[in-house]
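K.L.:
I'd like to ask some things about the structure below.
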Amino acid sequence: MKMPDMPLPDGVTLESGEDPQEVAEALAADVARFLVQRLERAGRASLVVSGGSTPLPFFRALSQVDLDWSRVDVLLADERWVPEGDPASNTTLVRENLLQNKAADANFLSLKQVGATPEEGLPRVRSALAGLKLPLDVLILGMGNDGHTASLFPDAPELPEAMDLESRDLVLAMNPPSQAQQRITLTRPVLAGARYTALHLKGNDKLDTLTAAMARPEAVMAMPVRAFLKPGLKVFWSP
């Protein structure tokens with residue numbers, strides 16, 4: 001793959017290509033290899049993904065991979081608090097694009113449960129995730145141009161709690177004023193502990209955002225994605 005000419009933090013790698021499909025397939029192959037290795041060592045493996053349009057070709061490619069999906073727990077890193085079937089629902093996106101074909105046997109753990117608000121639904125979400133084993137095995141993150149990842153938004157009043165490495169919360173409700181919907185997200189300590197982490201990006205604007213994030217790695221509250229720019233991270237990017 002062609003590599004953009006940009007400095008990277010120690011231990012962070014970048015794979016890129018001109019074709020988003022090519023990059024998505026490379027990511028799917030890398031994730032599949034890791035999941036196969038984990039399933040050789042453990043009874044189950046976890047796969048945490050992010051929503052939006054960028055991961056769609058990755059979802060479709062991964063859904064075709066031959067592995068023991070019945071032993072894989074799939075969940076989102078975050079979700080908008082909207083009903084399934086809503087155009088903004090990432091749960092629907094995952095069901096329709098990832099949990100298909102060979103991946104139809106995976107066990108999906110939904111972050112969207114009954115409740116008028118994410119705060120009201122939190123107990124049911126925690127119950128749904130009660131069997132999830134930590135650390136997470138595979139985590140695929142995205143990134144917004146404001147430097148958010150998952151629903152760790154810079155303007156969310158709950159951000160300090162969600163970013164607290166000492167927090168024991170698995171999930172938290174998030175209410176960023178910049179967003180149209182209320183959110184629920186896995187917290188930083190849960191996400192940061194993943195055995196395999198990839199950042200999947202598309203567009204030159206995302207490359208500019210990543211460059212800005214790498215310029216001040218210590219300012220994690222201003223751009224929460226900075227918390228994940230650490231050794232072991234794999235960045236997959238296409239224009």
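K.L.:
Which one of Q37, Q100 is of a type outside the set (F, W, Y) and out of contact with any Ser or Thr (no Cβ under 7 Å at 6 or more places or on another chain)?
P.N.:
Answer to the selection: Q37.
K.L.:
So, one more: Residues in the range 71-91: is at least one assigned to a helix (DSSP H, G or I) and out of contact with any Lys or Arg (no Cβ under 9 Å at 6 or more places or on another chain)?
P.N.:
Within the range 71-91, none of the residues are assigned to a helix (DSSP H, G or I) and out of contact with any Lys or Arg (no Cβ under 9 Å at 6 or more places or on another chain).
K.L.:
Looking for something touching a residue at least 24 places away in the same chain (Cβ under 8 Å), of a type outside the set (A, V, I, L, M), in contact with a Ser or Thr (Cβ under 8 Å, 6 or more places away or on another chain) and open to solvent by less than 40 Å² (accessible area, probe 1.4 Å) - is there at least one such residue anywhere in the range 58-70?
P.N.:
Taking every residue of the range 58-70 in turn, none turns out to be touching a residue at least 24 places away in the same chain (Cβ under 8 Å), of a type outside the set (A, V, I, L, M), in contact with a Ser or Thr (Cβ under 8 Å, 6 or more places away or on another chain) and open to solvent by less than 40 Å² (accessible area, probe 1.4 Å).
K.L.:
Hey, does the range 2-11 have a residue that's farther than 30 Å from Q181 by Cα and surrounded by 20 or more Cβ atoms within 10 Å (Cβ to Cβ)?
P.N.:
no
K.L.:
List the number of the failed condition for E18; all other conditions in (1) crowded, with 16+ Cβ neighbours inside 10 Å; (2) under 23 Å from L199 (Cβ atoms) hold.
P.N.:
Answer for E18: the failing condition is (1).
Yes/no matrix, rows are residues, columns are (1) of a type outside the set (S, T, Y); (2) open to solvent by less than 10 Å² (accessible area, probe 1.4 Å):
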site: E166; (1), (2): yes, no
site: D169; (1), (2): yes, no
site: M174; (1), (2): yes, yes
site: T185; (1), (2): no, yes
site: R195; (1), (2): yes, no
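K.L.:
Give me the pairs: first residue in the range 104-117 and farther than 17 Å from R44 by Cα, second residue crowded, with 16+ Cβ neighbours inside 10 Å and of a type in the set (K, R), beta-carbon distance under 9 Å, and six or more apart or on different chains, which are they?
P.N.:
Filtered contacts from the range 104-117: K112/R80.
K.L.:
Now a separate question. How many residues are over 20 Å from G52 (Cα atoms), assigned to a loop (DSSP other than H, G, I, E, B) and in contact with a helix residue (DSSP H, G or I) (Cβ under 8 Å, 6 or more places away or on another chain) when one looks only at the range 181-229?
P.N.:
Count: 8.
K.L.:
Within the range 105-156, work out how many residues are polar (S, T, N, Q) and open to solvent by less than 10 Å² (accessible area, probe 1.4 Å).
P.N.:
The qualifying residues number 2.
K.L.:
Could I ask something else about it? For the range 92-104, which residues satisfy the criterion of being open to solvent by 60 Å² or more (accessible area, probe 1.4 Å) and part of a loop (DSSP other than H, G, I, E, B)?
P.N.:
Across the range 92-104, the qualifying residue is only Q100.
K.L.:
Anything in the range 152-180 that is closer than 14 Å to E119 by Cβ, in contact with a strand residue (DSSP E or B) (Cβ under 8 Å, 6 or more places away or on another chain) and assigned to a loop (DSSP other than H, G, I, E, B)? List them, or say none.
P.N.:
Result: A156, E158, N175.
K.L.:
Just to be sure before I move on: is L132 part of a strand (DSSP E or B) and not polar (S, T, N, Q) in the structure I sent?
P.N.:
No.
The values are calculated or read from the model by the stated rules, or taken from the named source; none is laboratory data. Owing to the predicted nature of the structure, the values given are computational and were not obtained by experimental measurement. Methodologically, a virtual Cβ is constructed for each residue, glycine included, from the backbone with ideal geometry; neighbour enumeration extends over all protein chains shown. Side chains included, ligands, DNA and RNA excluded: accessible areas come from the protein's heavy atoms. Shrake-Rupley method; radii C 1.70, N 1.55, O 1.52, S 1.80 Å.
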